[in-house]
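**Q** Here it is: the structure, laid out below.
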Amino acid sequence: MKLTCKYSSTITNGKPSKPVQVQIGFCRQNDTLQMHVASKMKKEKICVSSTNVKKIHDKFKGKGKATIEFKNPTYTIMIAEANVGELEKALRLIKLVSRGGNTNSIDAELSSALPSLKQKDLKLKESITDISEYPKKEGFSASLIDLSINTYKLKSVDPRWFILKHLTRLDLSHNKLGTMDDFDWKKFNKISKLTSLTELVLANNGFTELPWEFIHSIPKGLECLSLNDNKLEWLPDEICDLKNLRVFSAVNNPLDDLPEDFFYNCERLLCVNVSGTNIKSHPAVLRQFRMQFFSSNAVGKDFVSQPPRPKRTIGTLFALASAKIYDYRDVYFWLPFNVRFRMRRELFRCDECYLLFPIESKKGVMLQPIRPTIFSTEVYAPQGSPMQINLINSTCRKCWNKISGIY
């Protein structure tokens, strides 16, 4: 049997432990039933017998929930997010044992309703480094939490990845996914089904671009994103919607810049590594961060040239409308990509009031060298460079007037 569920336990009058993903299996030992609980951190055995089971709460078994109380030791386990059918089978077996069912009945129930638990069913982590090891017919264990596929030969995605609803880490580095066509990218959009995903590694795949639809499909709970050693020259603005990002790395990519709203939206960033890129400066909002790690070629580099000042002095109606629409993301995503791309190019975000304005109203573009240790505990820069970084400070006309003391 395999019963995949969320599991927590508690002693009498104690606080329940944090729910963790587990596999629960059963086997008979002499006249008792042993319940094996395997998680990523540990494994435990619980004796199930007529003298040990105190009470079974199965009122919400139709929702995949149940609570079982034991007498010796005084112990309570709570099960949630379980498959309803498998949970009913498990509860039926426990009730049979608690009522003093005979050995033959228990064996029959185990062999028919609850097949023996295989080692594969308990697997929580799987790493594949050779294409010959890749599962074909047997598939992946439904209990997987961590899946790494680093074969240097993988050229397309496998839809079976996206039914692993408990997956928290997906490592697809060192493959050839950069050769995927539009059809494969559409399959990759199903990554949105991995609602528990917190870490995604796409390093060393030869990507030249990441479609905005794919970035938009990434679960919003993602905390770590690695795009190292690719050929990315730009990143879509949709990456700014990953507001729970804590770790971002894009080492060794020909990036000229990050999306302008990246540091504005992703306020939880703790580690950023963009060394080995063509980025020469960062936005002034970086001053507000207190990171643990920061690495960039922009540290200690002289800023080559200021952004070109626009010739027009009055924003177009298109730019004015874009400024109002852009932050209403639900409406924004209904628009065609080429329109959205054009909209963002017409706008800039003020570093003082954080509102969007037509680029024609940008004022006070200036360089502001500061020590990077102000916003990060640990800083890495090109060897021999002075520890300074250039920040671009951009303000709207209204904020510029306030700063200048005009009113």
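**Q** State yes or no: is LYS155 over 18 Å from the mean Cα position of the chain (by Cα), modelled with pLDDT of 90 or more and either part of a loop (DSSP other than H, G, I, E, B) or loosely packed, with under 14 Cβ neighbours inside 10 Å (or both)?
**A** yes
**Q** In the range 250-264, what residues are open to solvent by less than 20 Å² (accessible area, probe 1.4 Å) and of a type in the set (A, V, I, L, M)?
**A** Once the filter is applied, which keeps residues that are open to solvent by less than 20 Å² (accessible area, probe 1.4 Å) and of a type in the set (A, V, I, L, M), the range 250-264 yields ALA250, LEU255, LEU258.
**Q** Hey, can you tell me all the residues within the range 379-397 that are in contact with a Lys or Arg (Cβ under 9 Å, 6 or more places away or on another chain) and either without any contact (Cβ under 8 Å) to a residue 24 or more places away in the chain or of a type in the set (Gly, Ala, Ser) (or both)?
**A** Once the filter is applied, which keeps residues that are in contact with a Lys or Arg (Cβ under 9 Å, 6 or more places away or on another chain) and either without any contact (Cβ under 8 Å) to a residue 24 or more places away in the chain or of a type in the set (Gly, Ala, Ser) (or both), the range 379-397 yields ALA381, SER385, SER394.
**Q** Determine if the range 216-227 includes at least one residue that is of a type in the set (A, V, I, L, M, F, W, C), in a loop (DSSP other than H, G, I, E, B), over 14 Å from the mean Cα position of the chain (by Cα) and buried (at least 18 other Cβ atoms within 10 Å of the Cβ).
**A** no
**Q** A follow-up question, please. Could you check the range 184-205 and list, in sequence order, the residues that are on the phi > 0 side of the Ramachandran plot and open to solvent by less than 30 Å² (accessible area, probe 1.4 Å)?
**A** Correct list: empty.
**Q** Okay, next question. Which condition number in (1) open to solvent by less than 20 Å² (accessible area, probe 1.4 Å); (2) closer than 24 Å to LEU197 by Cβ is the one that LEU286 fails?
**A** For LEU286, the exception is condition (2).
Here's the yes/no breakdown for (1) out of contact with any helix residue (DSSP H, G or I) (no Cβ under 8 Å at 6 or more places or on another chain); (2) modelled with pLDDT of 85 or more:
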position: GLN29; (1), (2): yes, no
position: LYS40; (1), (2): yes, no
position: GLU44; (1), (2): yes, no
position: ILE56; (1), (2): no, yes
position: GLU81; (1), (2): yes, yes
position: GLY85; (1), (2): yes, no
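**Q** Can you report the number of residues in the range 92-149 which are hydrophobic (A, V, I, L, M, F, W, C) and either modelled with pLDDT under 85 or exposed (fewer than 12 other Cβ atoms within 10 Å of the Cβ) (or both)?
**A** Qualifying residue count for the region: 13.
**Q** Quick check on my filter: what residues within the range 267-286 are among the aliphatic types (A, V, I, L, M) and at pLDDT 90 or above?
**A** Within the range 267-286, LEU269, LEU270, VAL272, VAL274 meet the criteria.
**Q** Being charged (D, E, K, R), buried (at least 19 other Cβ atoms within 10 Å of the Cβ) and part of a helix (DSSP H, G or I) is true for just one of GLU238, GLU213. Which residue is that?
**A** Only one candidate passes the filter, namely GLU238.
**Q** Right, something else. If only one of ASP158, ASP182, ASP171 is of a type outside the set (Val, Ile, Thr), out of contact with any helix residue (DSSP H, G or I) (no Cβ under 6 Å at 6 or more places or on another chain) and over 30 Å from ILE24 (Cβ atoms), which one is it?
**A** Within the list ASP158, ASP182, ASP171, the selection yields ASP182.
The values are calculated or read from the model by the stated rules, or taken from the named source; none is laboratory data. Computed from a prediction, not measured in an experiment: that's the story for all the values here. Cβ coordinates were reconstructed from backbone atoms using ideal geometry, including for glycine residues, and neighbour counts include every protein chain displayed. Side chains included, ligands, DNA and RNA excluded: accessible areas come from the protein's heavy atoms. Shrake-Rupley method; radii C 1.70, N 1.55, O 1.52, S 1.80 Å.
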